[in-house]
Amino acid sequence: FFLVPIAQAAIVHAVSETLLGRVPSMIESIKAILPKSGRIVLAYLLFVLIIMFFYVPFFLIFLVPYNHPEIALIVVGFVILFIVCFFFMIFFIIKFLFIPHAIVLDNSSILGSLRRSFTLIRGHWWRVFLIYMLIGLLVGIVVSLLGLSGNLLDFLIKPLPGMTEGLSIFIQSILTTMIYLVINPITLIAHVLLYYDLRIRKEGFDLILLAESLGPEKDSVDNLMKI
């Protein structure tokens, strides 16, 4: 709830600066988003609460007595409600995809970041959804292939002298963590590019002003408009 949104916001800043012709260090990106960290975390928590609301039917079904005379009808009703809530959950996940971007790049408030993301995606939901799913699919394939390589490595090192089950699990965990450390930022980078793509399509003039406000470099606007 605290480190994940901060890390996402730092990547948003780093990618944006790179697109504008600068390459900030990790420390520079973290320092840049620290004054906004409170808003970032609270906006993320609000987003999580909204998404968790759609899980309510799943929990409520366990409160129904199993000996209820109409239990079958109630279960069917809950299943339908859960399916409806699932689709609404996906809808809002896409709608609020750009919360950290709105805070870091637009200096939005907590509620303003939700409104900003919601408004920006209006009219482009299906396009953003399909790109989001395509990115997830590609990342999933890469992670799976790397995971298979990890399983092969685990198979090869298990017969080695002194290799215990605990040590094997530890090595496998380290490898899995390294895979996600490399792959996960790719997803976030793609989201930043998608954010700028939407701003170019819907707010081209405002985006130029944003590029100029983020840095004085002469080529900043040209670099950004080439995305």
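The values are calculated or read from the model by the stated rules, or taken from the named source; none is laboratory data. Since we're looking at a predicted model, the values are computed, not measured. All Cβ positions, glycine included, derive from the backbone under ideal geometry; neighbour counts span all protein chains shown. Each accessible area value is taken on the protein alone, full model and side chains, heavy atoms only, with ligands, DNA and RNA left out. Shrake-Rupley method; radii C 1.70, N 1.55, O 1.52, S 1.80 Å.
What the table shows:
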read-out: From the options Val41, Val56, Val12, Val4, residue that is of a type in the set (A, V, I, L, M), modelled with pLDDT under 90 and within 18 Å of Ile110 (Cα to Cα); value: Val4
read-out: Matching residues in region 125-150 - criterion: being among the hydrophobic types (A, V, I, L, M, F, W, C) and surrounded by fewer than 15 Cβ atoms within 10 Å (Cβ to Cβ); value: Trp125, Trp126, Leu130, Met133, Leu134, Leu137, Leu138, Ile141, Val142, Leu145, Leu148
read-out: Candidate set: region 113-124, residues that are under 12 Å from Phe96 (Cβ atoms) and not basic (Lys, Arg); chosen: the one surrounded by the fewest Cβ atoms within 10 Å (Cβ to Cβ); value: Thr119
read-out: Residues that are farther than 18 Å from Ile99 by Cα, hydrophobic (A, V, I, L, M, F, W, C) and open to solvent by 50 Å² or more (accessible area, probe 1.4 Å), drawn from region 27-57; value: Ile27, Phe53, Val56
read-out: Filter pass, Leu153 being surrounded by fewer than 16 Cβ atoms within 10 Å (Cβ to Cβ), of a type in the set (A, V, I, L, M), at pLDDT below 80 and more than 30 Å from Gly38 (Cα to Cα); value: yes
read-out: Which numbered condition Lys158 misses (of (1) among the charged types (D, E, K, R); (2) loosely packed, with under 12 Cβ neighbours inside 10 Å; (3) at pLDDT below 80); value: (2)
read-out: Where Ile110 falls short, out of the listed (1) under 30 Å from Leu19 (Cα atoms); (2) open to solvent by less than 60 Å² (accessible area, probe 1.4 Å); (3) free of Cβ contacts under 8 Å to residues at least 60 places away in the same chain; (4) among the hydrophobic types (A, V, I, L, M, F, W, C); value: (3)
read-out: Test set (1) open to solvent by 60 Å² or more (accessible area, probe 1.4 Å); (2) at pLDDT below 90 - Pro24 fails condition number; value: (1)
